[in-house]
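Remarks on the structure that follows.
The values are calculated or read from the model by the stated rules, or taken from the named source; none is laboratory data. Bear in mind that the values here come from a model prediction, so they are computed numbers and not experimental data. Counting neighbours? That spans all protein chains shown, and the Cβs are built from the backbone with ideal geometry, glycine included. These area figures cover heavy atoms from the full protein model, side chains too; ligands, DNA and RNA do not enter into them. Shrake-Rupley method; radii C 1.70, N 1.55, O 1.52, S 1.80 Å.
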Amino acid sequence: MTINNQLYQNIAPVATGWAFTRDVVNIFFIFALLFIAIATILGVESYGAKALLPRLIIIALLVNFSLLATQAIIFVTNALAYELYSVVTVTGVSSTILSSYAQPNFNRDIAGAIMQGIQQQRLFKVNPSTLQPGPTRTPTSASQVNIAVIVTLGASIFIMAFAGFIFLAGSFFFIVRMATLWILMVLAPFGFVFLILPATRSYAQKWWTTLQSQALFAPAFMFFIIITVKMSNADLFGIVGRINSNPNMGATDLI
């Protein structure tokens, strides 16, 4: 939902807040012109009209397009995140919330794709009675089989719990990202107007840095998620395949 571009355009509270901020910034331009005039009269070169007036005129024009510029950055990063998300081939998301707010084909099941690749269920398809000892192996005892099952279950629980934590944290950060981007859209005029004066330029840089980090978080997160999906589908835990393909492998080898 949070990488759906529809949630970043035609949002009434954001548009109203941006319009108010733009009007405040337009008033600031009047004071900036007075400041430049006084600095020129006093001969302060760093704030003179020659240095700041061209920048003031350009920024005054850009402020009126600050919302569109901010949305363009958000749209590009969301589109990149969506393309990465679309790489997942497993579908099955049936949430009514997603179907109401998401873009078409927004039904990829990332967790299902990871589970499909790991397929830890294959470990339990092996019948312990078929685990015959090899030439250099001792017979498989019931305790060895039990230990193998316990170790497998413990590893699976750890992996799934860790993955659940990652998805929970990721969902939290995606929600924070959406709220932060809305705030940045409202304050977009300040992100441009603060570039005029050297004393306020650091605030503008903070605005641009925050916009960049929040916008790029979505494709960066999806990039590593897709890497995880690809690795899991490449049989990252290749021992599972070796167990199924080698009936002579004992439970001690599984451990």
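A few comments on the model shown:
- Counting protein heavy atoms only, the stretch 2-46 has 73 percent of its accessible area on carbon and sulfur, 1.4 angstrom probe.
- Modelled spin-label separation between Thr89 and Asn64, with each label point placed 7 Å from Cα along the Cα-to-Cβ direction: 5.2 nm.
- If you take all other residues with their beta carbon under 15 Å from the beta carbon of Ala188, and give Lys and Arg +1 and Asp and Glu -1, the sum is +1.
- Extension gain, Tyr203 to Val76: 0.36 nm times the residue separation minus the Cα-Cα distance gives 43.3 nm.
- FRET efficiency, Phe29 to Ala220 (Cβ-Cβ, R0 51 Å, nearest 0.05): 0.90
- Burial ranking of peptide ranges 60-69, 178-187 (average Cβ count within 10 Å, highest at the top): 178-187, 60-69
- In the stretch 143-236, the portion of solvent-accessible area held by carbon and sulfur atoms comes to 81 percent [1.4 Å probe, whole percent, DNA, RNA and ligands not counted].
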